[in-house]
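The values are calculated or read from the model by the stated rules, or taken from the named source; none is laboratory data. Given the structure is predicted, the values throughout are model-derived calculations rather than measurements. Neighbour counts are summed over all protein chains in view; Cβ atoms, including those assigned to glycine, are modelled from backbone coordinates with ideal geometry.
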Amino acid sequence: MRPVRFAALGDSLTEGVGDRVKDGWRGWAALLADGLDPDGAPVEFRNFAVSGAQTLDVLERQTPAALALRPDIVSVLVGVNDTLRCTFDIHAIATRLDQVYAAFAAQKAVVLTACLPDPGAMLGLPGVLAHPLARRQRAVNAVVHALSERYGAVHLHAAEGDWITDRAMWSADRLHPGERGHRVLATRFHAALAANGVAVGRRPSVEPEFPPPTRSASLLWLATAGTGWVARRCTDLLPQLLRLAADEVRHRARGTSARLDLRTSHAVAAALAALSTAEAADAA
């Protein structure tokens, strides 16, 4: 019997950062893989996700490798790193994700997607800095949601809910789930797949195998590796983010903050409309 093939694409979330085991990171995708088929049946799992990956990396590097595997199930969770770059472009993000989803849909793979929390809120940034990042993440989530419907993906709403504010779900960096959080993602995806008759194995356990990191260990991580992690992701964004914050302050003072939200909504609508126009042109 041919094994069920599961390919995981994305960034550090799917790589498993926050769920450390002896040999490195494990993560929600590896936990989910164990529950895709009945006990004892083979599952071929390949994790192509790389920390720091953006939508362009997924399109140009991860997707060709995963397509060669011809997966039955493929997860594509990406976009947060795009929001942390000065090159953020919702039109480009929409185009790339559309190409990725379409490629796997053409192979008849079940595609897993998710809306994700915004990094500004998770890091506890001040409002004038957090709001611009939140708009970017909402834009990405709106694109992911729309394209998930277009391609019939199994979509998880993970951008909100109690798990966002529950510190027990998150690792020391506040951006990545801890073991419990990864397990919650795995069980939620398993339930969604089971509802579609895809996951027929045992549901992953939500109970952690390992104790959570101590407060001192968390503080040490934030003071050493964590600082470097944030710096590597955000250095090129900082000048632009300060300008966005200044714009936020001006609009707030004038009582016109709603215009910023409206501008983002228009950008998302234009990006999706451009995809529909291109698709119609190709069909013609």
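The table below gives the values:
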{"item": "Matching option when the condition is surrounded by 24 or more Cβ atoms within 10 Å (Cβ to Cβ), closer than 20 Å to residue 260 by Cα and hydrophobic (A, V, I, L, M, F, W, C), among 140, 78", "result": "140"}
{"item": "Sole exception among (1) in contact with a strand residue (DSSP E or B) (Cβ under 9 Å, 6 or more places away or on another chain); (2) buried (at least 20 other Cβ atoms within 10 Å of the Cβ); (3) under 28 Å from residue 265 (Cα atoms) for residue 179, by number", "result": "(3)"}
{"item": "Residues (surrounded by 21 or more Cβ atoms within 10 Å (Cβ to Cβ) and not small (Gly, Ala, Ser)) located in the range 27-46", "result": "28, 31, 32, 36"}
{"item": "Residue match in the range 108-118 (condition: without any contact (Cβ under 8 Å) to a residue 60 or more places away in the chain and in a helix (DSSP H, G or I))", "result": "no"}
{"item": "Pairs where the first residue, in the range 45-66, is in contact (Cβ under 8 Å) with a residue 60 or more places away in the chain and the second is surrounded by 14 or more Cβ atoms within 10 Å (Cβ to Cβ) and among the polar types (S, T, N, Q), C-beta under 7 Å, 6+ apart", "result": "52/12; 52/81"}
{"item": "Boolean, residue 24 is in contact (Cβ under 8 Å) with a residue 40 or more places away in the chain and either under 27 Å from residue 173 (Cα atoms) or surrounded by fewer than 19 Cβ atoms within 10 Å (Cβ to Cβ) (or both)", "result": "no"}
{"item": "For residue 134: the one exception among (1) without any contact (Cβ under 8 Å) to a residue 12 or more places away in the chain; (2) small (Gly, Ala, Ser); (3) under 30 Å from residue 270 (Cβ atoms)", "result": "(1)"}
{"item": "Per-region count, the range 53-65, residues under 17 Å from the mean Cα position of the chain (by Cα) and either of a type in the set (A, V, I, L, M, F, W, C) or part of a loop (DSSP other than H, G, I, E, B) (or both)", "result": "5"}
{"item": "The range 47-73 - residue that is surrounded by fewer than 17 Cβ atoms within 10 Å (Cβ to Cβ) and under 25 Å from residue 132 (Cβ atoms) and, of those, modelled with the lowest pLDDT", "result": "52"}
{"item": "Residues that are under 15 Å from residue 198 (Cα atoms) and outside any helix (DSSP H, G or I), drawn from the range 25-43", "result": "34, 35, 36, 37, 38, 39, 41, 42, 43"}
{"item": "Candidates 197, 178, filtered to the one that is of a type outside the set (Lys, Arg), out of contact with any Leu (no Cβ under 9 Å at 6 or more places or on another chain) and in contact (Cβ under 8 Å) with a residue 12 or more places away in the chain", "result": "178"}
{"item": "Checking residue 50 against (1) assigned to a loop (DSSP other than H, G, I, E, B); (2) within 30 Å of residue 263 (Cβ to Cβ); (3) β-branched (Val, Ile, Thr), the condition it does not meet", "result": "(2)"}
{"item": "Qualifying position, being touching a Phe, Trp or Tyr at 6+ places or on another chain (Cβ under 6 Å), of a type in the set (A, V, I, L, M, F, W, C) and within 19 Å of residue 13 (Cβ to Cβ), among 134, 114, 172, 121", "result": "172"}
{"item": "Looking only at the range 1-33, and only at residues there that are of a type in the set (D, E, K, R) and at pLDDT 90 or above, the one that is nearest to the chain's Cα centre (by Cα)", "result": "11"}
{"item": "Extreme residue, surrounded by the fewest Cβ atoms within 10 Å (Cβ to Cβ), among residues of the range 143-171 that are at pLDDT below 95 and aromatic (Phe, Trp, Tyr)", "result": "163"}
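Conditions (1) modelled with pLDDT of 95 or more; (2) among the acidic types (Asp, Glu); (3) part of a loop (DSSP other than H, G, I, E, B); (4) within 22 Å of residue 200 (Cα to Cα), marked per residue:
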{"site": "75", "(1), (2), (3), (4)": "yes, no, no, yes"}
{"site": "82", "(1), (2), (3), (4)": "no, yes, no, no"}
{"site": "86", "(1), (2), (3), (4)": "no, no, yes, no"}
{"site": "98", "(1), (2), (3), (4)": "yes, yes, no, no"}
{"site": "105", "(1), (2), (3), (4)": "yes, no, no, yes"}
